[in-house]
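Note sheet for the following structure.
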Amino acid sequence: MDNTKTRIIMAAMKAVRQYGLEGVRIQNISEFAEISPGAIYRYFESKDQLMVECFTYVDKQAAAIFEHLKFNPLTMITDPMGAVKYLWQPYFRFWVTHPDETVFYHRFRDSAFFPAYDKNRDVSYFEAFVNMVRAFREVFPSLKRINQDLLWLHVLTSTVLYAKYVVEGVLPDNQETEDTVFQLLTTGLSGYLKREKSRRGGKK
């Protein structure tokens, strides 16, 4: 991506954190980016388009976390919750260490604009994460009995919410917070992460 375009996107997220999604203006963004408002319009047709590209930019960054993880499927059998935490922890740390992105992402997802946008967005860049979910479902068939969209939406979006509390100072940035958030998000999940015994000779 062009360096100037990236600078505008980063400035826009910083401006949204300060002024809010509805309150932010192109002038605010131009000040953070140290570029003229007219120059911004050479890259983006409108503020709405800029907001969408900001969301896509940070969403792809978050998705890329799973692409770089060296995940060993065997750990799902030996330590299922440990395997979940191995995938979840870097995702949570990403949001905690990127405060502008975290606040922007949460506000954009929580906006009235998001549902219509969400219906048509391309999320193919989450393929690595989706493949990991499939692997869990193959090893633990009981996962198929719960709504997958609801399950993973809960885990991913709630992770961002708790990270927002951390970057806003509502929660401390320490190991206790991280462990507690993980426990809260995965309560009940352990019951599904058990391998089903194969039945032989029919019903008893």
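The values are calculated or read from the model by the stated rules, or taken from the named source; none is laboratory data. Since the model is a prediction, treat every value here as computed from it, not as a measurement. Cβ atoms come from the backbone with ideal geometry, glycine included; neighbour counts cover every protein chain shown. The area values use the complete protein model at the heavy-atom level, side chains included, leaving out ligands, DNA and RNA. Shrake-Rupley method; radii C 1.70, N 1.55, O 1.52, S 1.80 Å.
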Checklist entry - Taking helices (runs of 4 or more DSSP H) that do not extend beyond the stretch 1-61, which have at least 1 residues that are within 20 Å of Trp95 (Cβ to Cβ) and in contact with an Asp or Glu (Cβ under 8 Å, 6 or more places away or on another chain)? => result 3-19
Next on the checklist: For the list (1) open to solvent by less than 20 Å² (accessible area, probe 1.4 Å); (2) of a type in the set (Gly, Ala, Ser); (3) modelled with pLDDT of 95 or more, I need the number of the one condition that Ala64 fails.
Outcome noted: (1)
Checklist entry - Only one of (1) more than 16 Å from the chain's Cα centre (by Cα); (2) more than 19 Å from Lys60 (Cβ to Cβ); (3) not aliphatic (A, V, I, L, M) is not met by Asp149, so which one is it? => result (1)
Checklist entry - Which one of Val24, Val96, Val52 is touching a residue at least 60 places away in the same chain (Cβ under 8 Å) and either over 17 Å from Glu168 (Cβ atoms) or touching a Cys at 6+ places or on another chain (Cβ under 8 Å) (or both)? => result Val52
Checklist entry - Pairs under 8 Å by beta carbon, first residue within 26 Å of Ser142 (Cβ to Cβ) in the stretch 61-90, partner charged (D, E, K, R) and open to solvent by less than 40 Å² (accessible area, probe 1.4 Å), six or more apart or different chains? => result Gln89/Glu178
Next on the checklist: Against the conditions (1) assigned to a helix (DSSP H, G or I); (2) within 19 Å of Trp152 (Cα to Cα), where does Phe71 fall short? Just the number, please.
Outcome noted: (1)
Next on the checklist: I need the full set of residues from the stretch 142-194 which are of a type in the set (Lys, Arg) and either open to solvent by 70 Å² or more (accessible area, probe 1.4 Å) or not in a helix (DSSP H, G or I) (or both), in order please.
Outcome noted: Lys144, Arg145, Lys194
Checklist entry - For the stretch 163-179, does any single residue satisfy the condition of being among the basic types (Lys, Arg) and without any contact (Cβ under 8 Å) to a residue 60 or more places away in the chain? => result no
Checklist entry - Does at least one position in the stretch 74-91 carry a residue that is among the hydroxyl-bearing types (Ser, Thr, Tyr), more than 20 Å from Thr56 (Cβ to Cβ) and surrounded by 12 or more Cβ atoms within 10 Å (Cβ to Cβ)? => result yes
Next on the checklist: Cβ contacts < 6 Å: first residue open to solvent by 60 Å² or more (accessible area, probe 1.4 Å), restricted to the stretch 107-127; second residue in a loop (DSSP other than H, G, I, E, B) and not small (Gly, Ala, Ser), any location; separation 6+ or different chain. Result?
Outcome noted: Arg107/Leu21
Item to check | Lone qualifier among Tyr125, Tyr105 - being over 25 Å from Val181 (Cα atoms), part of a helix (DSSP H, G or I) and of a type in the set (Ser, Thr, Tyr) | outcome: Tyr125
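For (1) open to solvent by 70 Å² or more (accessible area, probe 1.4 Å); (2) touching a Lys or Arg at 6+ places or on another chain (Cβ under 9 Å); (3) farther than 23 Å from Asp179 by Cβ; (4) modelled with pLDDT of 95 or more, each residue gets a yes or a no:
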position: Ala11; (1), (2), (3), (4): no, no, yes, yes
position: Phe44; (1), (2), (3), (4): no, yes, yes, yes
position: Lys60; (1), (2), (3), (4): yes, no, yes, yes
position: Trp95; (1), (2), (3), (4): no, yes, no, yes
position: Asp100; (1), (2), (3), (4): no, yes, yes, yes
